[in-house]
Amino acid sequence: MNAHDRVMGAFLGAFKAAPELAGGMIFPHKLRKLPEDAPEAIVVRFGASSPNRATVYSAPVDWETRIVVECHVRADDFDEQDGSASGALHGKVFERLMADPSLGGIAFDVLEPDLDYQNLEGDSELGCMVAQYIVRHRTSARSLVAA
């Protein structure tokens, strides 16, 4: 498995660890139809990745990989004291990731995310906190395999 897939897997694994976040409604890459009785879901998707070009030939390559985490919550009303439900779900996501920013030793660090809020209207209104995390990790030279 390449290093980027390992980072994705580490995010998914962190959210599926007991107790599972979002009642286990955790999806890689895209949101599937959220069942009417499911109040929330988490989507984890690959954003982009940029290498830090090595100045020494055949040196390991350090990467900054963007992982996007979408926290979807049905009927996501904003409360002046409690904030939004999607923001609260993201708070749980954030706590999980910051508890082990090395992602089990496969990364140097997980940085605090850029945040955005989206309101998705359709059959049932969904609110969505979108968090874009930067993960710093390393691969061997001229390889996508973790160093």
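The values are calculated or read from the model by the stated rules, or taken from the named source; none is laboratory data. The structure displayed is predicted, hence computed values, not measured ones. Counting neighbours? That spans all protein chains shown, and the Cβs are built from the backbone with ideal geometry, glycine included.
Miscellaneous remarks
- Within segment 118-127, none of the residues are in a loop (DSSP other than H, G, I, E, B), modelled with pLDDT of 95 or more, touching a Lys or Arg at 6+ places or on another chain (Cβ under 9 Å) and of a type in the set (Gly, Ala, Ser).
- Of all residues in segment 5-18, those being more than 17 Å from PRO101 (Cβ to Cβ) and touching a strand residue (DSSP E or B) at 6+ places or on another chain (Cβ under 7 Å) number 1.
- Looking across segment 1-55, just one residue is surrounded by 13 or more Cβ atoms within 10 Å (Cβ to Cβ), in a helix (DSSP H, G or I), touching a Lys or Arg at 6+ places or on another chain (Cβ under 9 Å) and without any contact (Cβ under 8 Å) to a residue 60 or more places away in the chain, and that is MET8.
- Some residue of segment 57-67 being surrounded by 20 or more Cβ atoms within 10 Å (Cβ to Cβ), at pLDDT 95 or above, not in a loop (DSSP other than H, G, I, E, B) and not hydrophobic (A, V, I, L, M, F, W, C): yes
- Criterion violated by LYS92 - all others in (1) in contact with a helix residue (DSSP H, G or I) (Cβ under 6 Å, 6 or more places away or on another chain); (2) more than 19 Å from ALA22 (Cβ to Cβ); (3) at pLDDT 95 or above satisfied: (2)
- Residue check for SER102: part of a loop (DSSP other than H, G, I, E, B) and on the phi > 0 side of the Ramachandran plot: no
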